[in-house]
Amino acid sequence: MADTAAGVAEAAADTDVLDTIQQRVLWLATRIVDAANHDRDTGDGVKVGGHQASSASLVTVMTALYFAYLDAPDKVSIKPHASPAFHAVQYLLGNLDRSYLTMLRAFGGLQSYPSRTKDPDPVDFSTGSVGLGAAAPLFAAVTRRYVDAHFGVRPRSRFVALIGDAELDEGNIWEAVSDPATDGLGNVMWIVDVNRQSLDRVVPGIRIAQWEQQFTGAGWHVVEAKYGHRLQAAFALPGGERLRAWIDQMPNEHYQSLFGLPAPQVRERFLDGAPDEVRQFCTAIADDTLAGLVTDLAGHDFRSLLEAFGECDREKDRPSVVFAYTVKGWGLPLAGNPRNHSALLTTAQVDEMRERLGLTLATEWDRLDPMTRAGQWVAARREHLARAPRPGRPALAVPDSSGLRAGRSTSTQEAFGRILVGLSRAEAVAPFLVTAAPDVATSTNLAGFINRLGVFSPAARRSWSEDAALKWSEGPEGQHIELGISEMNLFLLLGQLGLSWDLSDQPLLPVGTVYDPFVLRGLDAFVYSVYSGARFVVAGTPSGVSLAPEGGAHQSTITASVGLELPGVTFIEPAYAAALDWLLCGALQSIAAADAARPGAAPAEQGSYYFRLSTRGIDQDPFARARDRLGDARLRRQVLAGAYPLVDAAEAAAQGAPEVYLAGSGAVLPEVLAAAAELGDEGIAAHVVDVTSADRLYRAWQRTLRQGVRTATTPSFAGALRAVFGRRAPVVTVHDAASHTMSWLGSALGVPAVSLGVDSFGQSGTVADLYRAHDLDAGSIVNAALAALSLYDQ
């Protein structure tokens, strides 16, 4: 950090070279958007878009960061609408090929917003859903603190977020800021781009004061970088304090209207309603000088910014936030225009800017001349910021099973907790396991894991209460991270734990738990994390109307559909404890293998794992019988593939009995088995299939269809389906979730299907009450099978 301090001091003393760099960044960012909209024929007439004004407001901040302040280990989240400026910076640093500069928002080109998984240049944090990319570095710092405590201190990283001021309206920002898990992170710095404009309006000034108070109340260090050095010098003159008071009390709407006006009109507008003392102070100042003086903001002053960053570095025990006052559209003809959010410079304006900067059509995409001081400065920064290649590492040796021994009647939630306890005894796995929960650890069966491995805290904390069932021991060695009641924070934390192999050079095996209905409360952060390439396990438990007494507010219905449809996630819903054991260990094996494979090829199944579990205890004997019939190797293979034959009625079918498949998933399997027995008594061969992952079955089917579409050939019958639905017969799907979650199965098999599920809100009652109300009881399943058979005979 000493080298950084020296570099910052040198940069502050030589702002001319930084200004040359920022002018090239501004040009490239502006031209990248211009080329996408005016040079490229999209063929569909749809506006490409881009954000020239939003990029311009952060040009000075980003130039100060990348060309004077940051070190190689630092991680940065970029304001979504400043992505063109980010790509311009990466191009100047040699991290982006020139060919991409004309491919903003083109297929295979630069993404609209920074993306870890889609962009060709190095992106630390995906952004785009405002608020989430801002909070991600905070949880990355939480992860780094955990990694440092358990695996040795890494080279110090600063975790920096560039945030739009209107982005602070997002509620998840404040959930993250106020969570105790994020306290004390002195390596976090947020920079708020206070350009006073949102998409639709000028942001009222009172909001900024409120935000600063909220950060202070949460224990953050707050820095206000409001006025540049010229304006600060004017404040120091006799009468200057009145000038400052006038600007401070001026409404944002009034101040914003100064930009874009000719200098004489700036004077008139600025002094509209001003006290006589302020008018007198400004009398001797020429119009051009006054216009530049009163709009001299710290967000476009390198000295002010670097001083603010240095002040944050000196805060070692709390996060910092810098409110950097900027101009939206700075340096462009549309500066400060209230409607400039998505506005574009005209071709004539771009031509004028090119000429003013001394560029031509032949040189407009050039990097800075390496023979100039600016070019040499950039070359030095390129070397300073270069990151060493990440060495490969062997995969963690996760076993196929935790060694779970399930009782006669067990719920999947109970088994889940016992499996984690079993894994915590495996020396090769235990150090890498880390769990997290939003104040539901004990009620989602993490107590056994916590009793063994403790709760993480940067410093040891004394427990003042004795609990025989739960040993809440907090200290640096703990491996459970407890959060407040915020599902958004849970998924943001899991996302960063699931990226620790990259951002902290340490693979982990993250496991989170949450009440299943509240997966939806954290869904935006869930999507964000898996879009970013994070790999983790989350268990939604308890789920469905099987949580009968709790009523509709706690009974999830559509979460299974979300799990199946969400890219980058494998949705899993087992019924039996031993199957869950294999599936959970398999998921952790996949996470470990992918982390070890980077860089380079990774396993076919990418992403995270969503287990939907239940508190309903069910008899484990049917699975034991299937295990005896099929053998462990074959059964495990089918369980992992997504389904296996729990009951095989081939003997009755061989005697000519009509056949039907009953495909159940999760807690409803006892009713499915009872229905199969009743159908058998009526002379119908009912095969029972336990669907452990509708997601994996669906993907297997879709792969064969897509292959057929892309090769203009007849699609094959997916192997995972063929293994368990080998005989042609109608199918009934049964699921304590929305009925459409498995309704596609009939189409996949090419047979009539009747799908039973929960398609209305639940209520309180017994399991039997709720199952009858939603046609999940054995009698309804029997009737559904008869209906499917009648459709099959038509």
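The values are calculated or read from the model by the stated rules, or taken from the named source; none is laboratory data. This one's a predicted model, so the numbers in the text were calculated from it and none came from an experiment. Virtual Cβ from ideal backbone geometry, glycine too; neighbours counted across all protein chains shown. Ligands, DNA and RNA are stripped out before the accessible areas are found, and what is left, the full protein with its side chains, is counted by its heavy atoms. Shrake-Rupley method; radii C 1.70, N 1.55, O 1.52, S 1.80 Å.
Once the Cβ-Cβ distance of LEU520 and SER342 is raised to the sixth power relative to R0 = 25 Å, the FRET efficiency obtained is 0.25. Along region 237-252 the Karplus relation, 6.51 cos²θ - 1.76 cosθ + 1.60 evaluated at θ = phi - 60°, assigns HN-Hα couplings of 6, x, x, x, 5, 6, 4, 5, 4, 5, 5, 4, 8, 5, x, 3 Hz to successive residues, with x for each Gly and Pro.
Assigning unit charges at the beta carbon (Lys, Arg +1; Asp, Glu -1) and nothing else, what dipole magnitude in debye, to the nearest 20, does region 624-742 show about its Cα centre?
Numbers: 14 positive and 12 negative charges, 195 e Å.
In total the dipole reaches around 940 debye.
Amide H contacts of LEU433: LEU509, each under 5 Å away and 5 or more positions distant or on a separate chain (H built 1.01 Å from N in the peptide plane; Pro and chain starts excluded). A simple charge model with +1 on the Cβ of Lys and Arg, -1 on the Cβ of Asp and Glu and nothing else charged puts the dipole of region 676-766 at about 780 debye relative to its Cα centre. Which of the listed residues, ALA379, GLY478, LEU396, is farthest toward the dipole's positive end in region 368-491, when Lys, Arg count +1 and Asp, Glu count -1 at the beta-carbon? The one lying farthest along the dipole's positive direction is ALA379. Of the trypsin sites (Lys or Arg not before Pro) in region 272-334, the ones in a loop by DSSP (not H, G, I, E or B) with at most 12 other beta carbons within 10 Å are ARG314, LYS316. Largest accessible area first, the residues LEU332, LEU640 order themselves as LEU640, LEU332 under a 1.4 Å probe with ligands, DNA and RNA left out. Loop-located GluC sites (Glu not before Pro) in region 434-511 (DSSP state other than H, G, I, E, B) with a sparse environment of at most 16 neighbouring Cβ atoms within 10 Å: GLU466, GLU477.
What does the net charge come to around PRO458 if you take all other residues with beta carbon closer than 12 Å to its beta carbon, with K and R at +1 and D and E at -1? Local net charge: -2. Taking all protein chains as they are arranged and a probe of 1.4 Å, the heavy atoms of ILE208 leave approximately 10 Å² accessible to solvent. Subtracting the Cα-Cα distance of THR363 and GLN376 from their residue separation scaled by 0.36 nm leaves 2.8 nm.
Region 32-52 and region 513-559 have Cα centres spaced 39 Å apart. In terms of Cα atoms, the Rg and Dmax of region 227-273 work out to 11.1, 29 Å. Derived scalar couplings between HN and Hα for region 531-536 equal 4, 7, x, 6, 10, 7 Hz in order, rounded to whole Hz, by the Karplus curve 6.51 cos²θ - 1.76 cosθ + 1.60 (θ = phi - 60°), x for Gly and Pro.
The residues packed around SER739, meaning those with a beta-carbon under 14 Å from its beta-carbon, carry a net charge of -3 if Lys and Arg are +1 and Asp and Glu are -1. The rule of thumb for compact globular proteins, 2.2 N^0.38 Å, goes into the C-alpha radius of gyration of region 31-70 1.58 times.
Backbone N atoms of region 668-694 closer than 11 Å to the 7 Å Cα→Cβ label point of ARG727 belong to residues 684-688. Using the beta-carbon distance between ARG207 and ILE485 and R0 = 45 Å, what value does 1/(1 + (r/R0)^6) give for FRET efficiency, to the nearest 0.05? Efficiency computed from Cβ-Cβ geometry: 0.95. Go ahead and run the numbers for FRET between ALA106 and SER401, Cβ-Cβ distance against an R0 of 51 Å, rounding to 0.05. It comes out at approximately 0.60.
Binning the C-alpha pair distances of region 510-562 at 10 Å intervals from 0 yields a P(r) profile of 25, 52, 20, 4 %, listed from the shortest bin outward.
Annotation: per residue accessible area for the chain equals 38 Å², rounded to a whole number [probe 1.4 Å, protein chains only]. With helices as the sole contributors, the chain gives -12500 deg cm²/dmol at 222 nm; each DSSP H run of n ≥ 4 counts as -39500 (n - 2.57), and the sum is divided by every residue. Note on the chain: dipole from Cβ charges, positive end direction compared against LEU721, ILE163, LEU258; the farthest Cα belongs to LEU721. Taking Cα centre as origin and charging only the Cβ of basic (Lys, Arg, +1) and acidic (Asp, Glu, -1) residues, the dipole magnitude of the chain rounds to 1600 debye.
Calculated on C-alpha atoms, the gyration radius of region 334-489 divided by its Kirkwood radius gives an Rg/Rh of 1.30. State the Kirkwood hydrodynamic radius of region 412-522 in Å, one decimal place, computed from all pairs of distinct Cα atoms. Evaluated on region 412-522, it is 14.4 Å.
Accessible surface of SER342, taken over heavy atoms with a 1.4 Å probe and every protein chain present, rounds to 60 Å².
With all protein chains in place and ligands, DNA and RNA left out, the 1.4 Å accessible area ranks ASP313, ASP16 as ASP16, ASP313, largest first.
Region 730-758 and region 363-441 have Cα centres spaced 37 Å apart. Say a paramagnetic label sat at a point 7 Å from the Cα of ASP19, along Cα to Cβ; which residues of region 272-304 have their backbone N under 12 Å from it? Those under the cut-off are 301-303. Placing unit charges on the Cβ atoms of the charged side chains and taking the dipole of the chain about its Cα centre, the candidate lying farthest along the positive direction among GLY656, VAL76, VAL434 is GLY656. Using a 1.4 Å probe over the heavy atoms of the protein chains, calculate the carbon and sulfur portion of the accessible area of region 583-734 as a whole percent. Answer for region 583-734: carbon and sulfur cover 51 percent of the accessible area. Remark: spin-label model distance PHE151-ASP632 equals 3.0 nm, labels positioned 7 Å along the Cα→Cβ axis. Taking chymotrypsin sites (Phe, Trp or Tyr not before Pro) across region 80-121, the ones in a DSSP loop with at most 15 further Cβ atoms lying within 10 angstrom of their Cβ are PHE107.
Convex hull volume of the C-alpha atoms in the chain, normalised per residue: 190 Å³. Stretched out straight at 0.36 nm per residue, the stretch from ALA459 to ALA677 would grow longer than its current Cα-Cα span by 72.7 nm. The length gained on full extension between ASP793 and SER760, counted as 0.36 nm times the residue separation minus their Cα-Cα distance, comes to 8.8 nm.
Ligands, DNA and RNA excluded, the heavy atoms of LEU344 present near 50 Å² of accessible surface to a 1.4 Å solvent probe. Here region 332-417 exposes an accessible surface that is 54 percent carbon and sulfur, computed with a 1.4 Å probe and the other protein chains kept in place.
Computed from the Cα positions only, the extents of region 535-598 along the three principal axes stand at 45, 27, 13 Å, in decreasing order.
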